[in-house]
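Undergrad: A single structure is presented below for examination.
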Amino acid sequence: MSSTVAEGGNQAGDKLAQDRAKLVLILRQAGVRDPRVLKAMERTPREMFVPEGFRRHAYDDTALPIDLGQTISQPLIVAMMTEALEVHDRAKVLEVGTGSGYQAMVLSLLCRRVYTIERIRDLLKQAEARFKALDRHNITTRHGDGYKGWPEQAPFECIMVTAAAPEIPQALIDQLAPGGRLVIPVGMDPVSQRLLKLVKHEDGTITTSELGGVRFVPLLEGTQ
């Protein structure tokens, strides 16, 4: 019996490894080039971040529902946003919108520390349990209003927002370090949302570029 159980576990593990490898191939074919980002995507067990009923779809390149009306983003969008952020291994990163914790997990494999904020307490508790189970010690969490950022830990070399705002919150721009990058979806109509990348230059000037159309849940003020 123990041998059969072990074989079943090995087969399941092999299948997950194959699914992750296939997903990385899809990401590469879609234009993701940074080998560090691709490796982080392959190392992140997405099946741990989706509800039980959706685990067979964990490595499909699609967004999936999670609790409380939220979603876990499409892997391609996660990879593209991470690549655009240009994360390096000494960076201090702020993530606004922890959600399932999937994006924070990917970022944590690429940088020194991730500070992640979630406005919904129950979602944050679930994400914290996943980080603990995965033994990630470089992710710091906060239950709070993402519009306000995390001023006590600023400045940040990289800021990622995983919900769509009507405009880029000034507090996040202020908390971005000189030379830093901010990636954020903007627009309240899901049909017309655009993914923007903001770069704060050493002299304080700002350059903004558009990375394409996206569809995210709205960034809301306050907490619950």
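Each reported figure results from applying straightforward, stated rules to the coordinates on display, with no laboratory input. Keep in mind it's a predicted model, so treat the numbers as computed, not measured. Using ideal geometry, Cβ is built from the backbone for each residue, glycine included, and neighbour counts are taken over all protein chains shown.
Undergrad: For the stretch 21-57 and the stretch 112-166, what is the separation of their C-alpha centers, rounded to whole Å?
TA: Comparing the Cα centres of the stretch 21-57 and the stretch 112-166, I get a distance of 21 Å.
Undergrad: Straight-line reach from LYS200: which lysines have a Cα under 22 Å away, not including same-chain ones fewer than 8 places off?
TA: Excluding near neighbours in sequence, the set is LYS92, LYS148.
Undergrad: Treat every Asp and Glu Cβ in the stretch 2-213 as -1 and every Lys and Arg Cβ as +1, leave all other atoms uncharged, and give the resulting dipole magnitude about the Cα centre to the nearest 20 debye.
TA: I would put it at about 380 debye.
Undergrad: Take the alpha-carbon positions of the stretch 2-213, form their convex hull, and give its projected area averaged over all directions (one quarter of the hull surface) in nm².
TA: For the Cα atoms of the stretch 2-213, the hull's average projected area reads 12.2 nm².
Undergrad: Continuing with the same structure: Which of the lysines could be linked to LYS22 by a straight reach, that is with a Cα gap under 16 Å, when you skip same-chain ones fewer than 8 residues away?
TA: Partners found: LYS39.
Undergrad: Compute the Rg/Rh shape ratio of the stretch 147-224: radius of gyration over Kirkwood radius, all on alpha-carbon atoms.
TA: Expressed as Rg/Rh, it is 0.97.
Undergrad: Next up: Could you state the angle between the C-alpha long axis of helix 2-29 and the longest principal axis of the C-alpha atoms of the chain, as a value from 0 to 90 degrees rounded to the nearest 10?
TA: Relative to the chain, helix 2-29 is tipped by roughly 40 degrees.
Undergrad: Name the residue from GLN29, HIS201, GLY180 whose Cα lies farthest towards the positive end of the charge dipole of the chain, charges +1 on Cβ of Lys and Arg and -1 on Cβ of Asp and Glu.
TA: Highest projection toward the positive end goes to GLN29.
Undergrad: Which of GLY213, ALA104, ALA17 sits farthest toward the positive end of the charge dipole of the stretch 2-213, with +1 on the Cβ of Lys and Arg and -1 on the Cβ of Asp and Glu?
TA: ALA17
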